[in-house]
Amino acid sequence: MKILILTGKFGLGHWSASQSLRQQISRDFPRAETEVLDFFAYAMPNSSEALYKAFDLLVTYGYGLFNAYYRMADRLPSDTHFPLDRPMLDKLEELLWEKRPDAVIATHPICAGLVSRYKEESGDRLPLVTCVTDLSTHNEWLHSRTDGYLVGSREIKERLMEKGVEAGRIHVTGIPVKEEFRTISHRRGGGERRLLIMGGGLGLLPKKDSFYDALDELPGVRTTILTGHNQRLYQRLSGRYEHIEVVGFTDRVWEYMEQSDLMLTKPGGITVFESIFAELPLLLWEPFLQQEKNNARFLLRSGLARAAAKEPEECLAAIQGLLYDDRALGEMSARMRARKRELQAAGLARILEAMTREAEVCA
């Protein structure tokens, strides 16, 4: 079987989920040949990098505009056609003819929509699985020719069913994370406290020196800050503080999670589930993107995280209020462990195999 995973690099989440899916399929379905492809780079080889940079600028400096568009788009019917669909569909048809996959997994909503429309117009029964990379039921993910949805929680499944998606097409797998996050063995209690701070791939972290000065003075605390691709912040903080380790972009985040008692972060979908599988308690910065606001609401309602304000003084108070509280940390880890058990983490291979058999029968 040949499986094609279509994605885009709008942020690191979609790409990371795709790589984790490939790893999981290789583990559970060794007969499969799996390829991850950035469809936007394929379809727009001369302009995809500019598109990604423009997106990064929008979510960093124009997130109010982005949120307004996101809310408006959720009111549009699923399967809405857009002006650029036709040239993108032509490129998709070219790609599918070249690759001849037995199934497609989409980890970006535009890719899911294009494959669904291709199936509608061509009559092709190619199985399409959409992996929703946030705790979201946004209409951009919902398309009539989708054979299966991989979602992050039972609550999302219930809300999709309310929108008319058949229960049998929705599979609660969690948002995909690398195998290394599933096998973490934490240090627990005693001695020095370990705080991990992440700002995502763009390294969106506080700018004020006073925040880092106060962190460095927390008694009995060792802090690690992952600055992602924010080289300016890395250079400004690196080697400056006695109790703060500063790390640039790394693809081995699980090693830092394994050493930590608490993580302060923004609630991106991938990071949320890396933490759940790692059973690492979360403290969340107040989010500014709508998808992250949705993720934060889920975590706070489920007791898997606590909130931290943007203001440095209030954020530091939230850190101190949780990092030294062994009972609260233990309860949050236990809830994550229970949530992890509910996820059908090993079911993806069976889902793909069943859908492919069905497509062959119907062909």
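The values are calculated or read from the model by the stated rules, or taken from the named source; none is laboratory data. This one's a predicted model, so the numbers in the text were calculated from it and none came from an experiment. Cβ coordinates were reconstructed from backbone atoms using ideal geometry, including for glycine residues, and neighbour counts include every protein chain displayed. With ligands, DNA and RNA removed, areas are computed over all heavy atoms of the protein, side chains included. Shrake-Rupley method; radii C 1.70, N 1.55, O 1.52, S 1.80 Å.
Some notes on this structure:
- Candidates Ala167, Ala112, Ala50: whichever shows maximal mean-square fluctuation once the chain is modelled as a Gaussian network with Cα springs under 10 Å: Ala50
- Within a Gaussian network of the chain (alpha carbon springs, distance under 10 Å), most fluctuating of Leu57, Leu284, Leu205: Leu57
- Using a cut-off of 28 Å between Cα atoms, the listed pairs Lys178/Lys293; Lys53/Lys340; Lys53/Lys310 include Lys53/Lys340 as exceeding that distance.
- Exposed chymotrypsin sites (Phe, Trp or Tyr not before Pro) absent - longest run of the chain, DSSP non-H/G/I/E/B, at most 16 other C-beta within 10 Å: 1-240
- Positive minus negative residues near Pro267 (Lys, Arg vs Asp, Glu; Cβ under 13 Å): +1
- Kirkwood's formula applied to the C-alpha pairs of the range 1-75 gives a hydrodynamic radius of 14.2 angstrom.
- Per-residue 3J(HN,Hα) values for the range 266-275, derived from phi via the Karplus relation 6.51 cos²θ - 1.76 cosθ + 1.60 with θ = phi - 60°, read 8, x, x, x, 5, 4, 4, 7, 4, 5 Hz in sequence order (x marks Gly and Pro).
- Sorted largest first by accessible area at a 1.4 angstrom probe radius, with every protein chain in place, the residues Asp38, Asp209 fall in the order Asp209, Asp38.
- Listed candidates (i) 1.11; (ii) 1.04; (iii) 0.98 - label of the one calculated as Rg/Rh (Cα atoms, Kirkwood Rh): (iii)
- The loop-placed trypsin sites (Lys or Arg not before Pro) in the range 246-309, going by DSSP, that have at most 14 neighbouring Cβ atoms within 10 Å of their Cβ come out as Arg252.
- The GluC sites (Glu not before Pro) of the range 92-186 that meet both conditions, a loop assignment by DSSP and at most 12 other Cβ atoms within 10 Å of the site Cβ, are Glu166.
- Reachable lysines from Lys99, criterion Cα separation under 22 angstrom, eight or more residues apart if same chain: Lys2, Lys9, Lys91, Lys119
- A simple count of charges around Ala41, restricted to other residues whose Cβ falls under 9 Å of its Cβ and scoring Lys, Arg +1 and Asp, Glu -1, yields -1.
- Counting 0.36 nm for each residue step from Arg100 to Ser144 and taking away their Cα separation leaves a gain of 13.7 nm.
- Computing FRET efficiency as 1/(1 + (r/R0)^6) for Glu158 and His81, where r is the C-beta to C-beta distance and R0 is 35 Å, gives about 0.75.
- Contour excess over end-to-end distance, with Cα ends at Glu33 and Glu192 and 0.36 nm allotted per residue: 52.7 nm
- For the chain, the solvent-accessible area with a 1.4 angstrom probe is 46 square angstrom per residue.
- Accessible surface comparison of Lys208, Lys178, probe 1.4 Å, protein chains only, largest first: the order is Lys208, Lys178.
- Summed side-chain charge close to Gly228 - residues other than Gly228 whose Cβ falls under 12 Å, Lys, Arg +1, Asp, Glu -1: 0
- Zone residues, the range 51-69, relative to Lys293, backbone N less than 20 Å from point 7 Å out along Cα-to-Cβ: 56-69
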